1. Mind checking which aspartates and glutamates have their C-alpha under 19 Å from LYS340, skipping anything on the same chain fewer than 8 residues away?
2. Arranged from highest to lowest average of other beta-carbon atoms within 10 Å per residue, in what order do the peptides 201-211, 347-357 appear?
3. Which of the residue pairs LYS245/LYS302; LYS81/LYS213; LYS99/LYS140 have a Cα-Cα distance greater than 23 Å in the structure shown?
4. Between LYS245 and ASP386, what is the FRET efficiency for a Förster distance of 51 Å, r being their Cβ-Cβ separation, to the nearest 0.05?
5. Take the Cβ-Cβ distance between ARG189 and LYS74 as r, set R0 to 30 Å, and report the resulting FRET efficiency rounded to the nearest 0.05.
6. Starting from 0.36 nm per residue, how many nanometres of slack lie between GLU396 and GLU110 once their C-alpha separation is accounted for?
7. List every residue whose amide H lies under 5 Å from the amide H of GLN280, counting only residues 5 or more places away in sequence or on a different chain, with H placed 1.01 Å from N in the peptide plane.
8. Expressed in nm to one decimal, what extension gain is obtained for the pair GLU319 and GLU139 from 0.36 nm per residue of sequence separation less their Cα-Cα distance?
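What follows is calculated from the coordinates using simple rules that are stated; it is not laboratory data. The structure presented is a predicted model; accordingly, all values stated were derived computationally and were not measured. No Cβ is skipped: glycine too gets one built from the backbone with ideal geometry, and neighbour counts run over all protein chains shown.
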Amino acid sequence: MEKQPDKVKVTKNKKIVIYVVLVLTLIYVGYTIYLLIKQPTDVFTVEEGKLYLEETDIGYVIREEQVIQGENYKNGMEKLKTEGEKVAKDEATFRYYSKNEESLKAKIAELDVKIQEAMEQETNLFPSDVKLIENQIDEKVKKLNNMTDVSQMTECKKEINELVTKKANIAGENSPKGSYFNQLREERRKYENELNSGAEYVNAPVSGIVSYKVDGLEDVLKPTTECFSTLSKQYLENLNLKTGKVIATSEECGKIIDNSCCYIATISNSEQAKTAEIGQKNIKVRLPNNAEIPADIVYIAKEDEENYLIVLKVDKQLEELINYRKISFDLIWWSDSGLKVPNQAIVKEGDLNYVVRKRAGYLSKILVKVERQAEKYSIVEPYDADDLRELGFSNEEIASYKKISLYDEILLNPDLSKVE
């Protein structure tokens with residue numbers, strides 16, 4: 001009975017040892033996990049990258065454009081030039097149908113059948129002439145079936161009709177039933193003249209790009225200084241346009257757009273907008289289709305203490321911009337590419353900037369030239385010999401200069417005092 005307390009004491013000591021071991025194990029595991037988590041944020045691999053200083057704005061597309069419309073716009077239209085196609089001055093762009101076009105076309109088609117039937121009953125026609133024309137008709141019909149361009153299809157149909165008429169003329173001249181043929185031909189010619197005389201062709205007043213997306217703002221938003229001076233945030237918002245909405249296609253008129261350039265008006269309250277200048281270069285615009293295109297500032301007006309009206313001129317992606325009047329876009333004030341490193345990795349020492357490279361377990365202090373710095377990252381590059389001489393480096397120091405390179409591992413928040 002006297003040994004019972006010793007057993008209790010031994011058991012208690014074992015528990016204490018187990019608790020201590022368990023606590024030490026947890027501390028070790030926790031520290032290991034901390035190192036695993038901490039390590040990726042302590043070291044950064046240098047990579048090629050790009051930095052932007054950009055803002056997202058709402059833009060209103062302004063173009064030099066002329067609406068073209070004829071008198072018979074209620075009859076419906078046939079597009080001779082497709083959307084976005086280039087057209088020369090005075091070239092036919094579209095035409096309005098004749099008042100009774102469908103009826104006249106049906107009558108002409110009926111006469112063509114009668115003429116064909118009459119020719120098949122004749123045996124004394126010149127077979128070589130007729131056969132040649134028939135082959136030409138067959139070839140053009142095959143081409144027509146594979147065409148998608150409206151203007152080419154219209155021209156091909158016209159050529160087929162001319163060949164059919166020519167074939168009928170030969171039949172009329174060489175058939176005993178010449179008077180019957182002539183009657184059919186004259187009747188067909190009468191309907192054809194009526195069809196052509198009733199159609200109204202609308203020509204382009206200037207050269208440019210054809211568009212049928214007409215929204216009624218063509219004479220409101222004009223690329224003139226006078227127009228730009230009337231623009232304001234309130235004025236643009238009062239247009240009640242929906243951002244990104246594609247302009248509806250008109251079935252009554254079209255327009256010719258200047259294909260050399262167009263303009264984007266926007267309101268900005270950024271610091272860059274406040275210091276922007278007319279003629280400023282190296283600006284880019286990223287459109288809704290992600291295309292980045294160069295832009296020039298051609299007009300600036302102070303809206304109030306915070307906002308500025310800026311008008312940008314662009315000469316790329318005009319076909320894309322035809323579809324819209326109001327867009328969301330990115331205004332890129334500057335962009336640079338090169339070796340991209342976190343700002344946390346850069347340490348300033350006097351007027352010079354350094355990073356600490358980790359290679360094969362050794363740490364090296366690397367002098368870098370900061371070309372461009374954004375909020376979180378910088379674009380850097382190594383100095384060349386001439387730059388180092390201007391900074392006062394000796395030939396010996398220049399010869400031993402270590403350069404930063406792609407895929408180098410550099411430390412974040414380094415302590416230069418601990419690096420030789």
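1. Those aspartates and glutamates meeting the cut-off are ASP42, GLU47, GLU48, GLU54, GLU371, GLU375, GLU381, ASP384, ASP408, GLU409.
2. 201-211, 347-357
3. Distance filter (> 23 Å) returns LYS245/LYS302; LYS99/LYS140.
4. With R0 = 51 Å, the Cβ-Cβ based efficiency is 0.40.
5. My answer for the efficiency is 0.60.
6. Length gained, GLU396 through GLU110: 93.1 nm.
7. Those qualifying (amide H under 5 Å, at least 5 residues apart or on another chain) are ILE297.
8. Additional length available on full extension: 61.4 nm.
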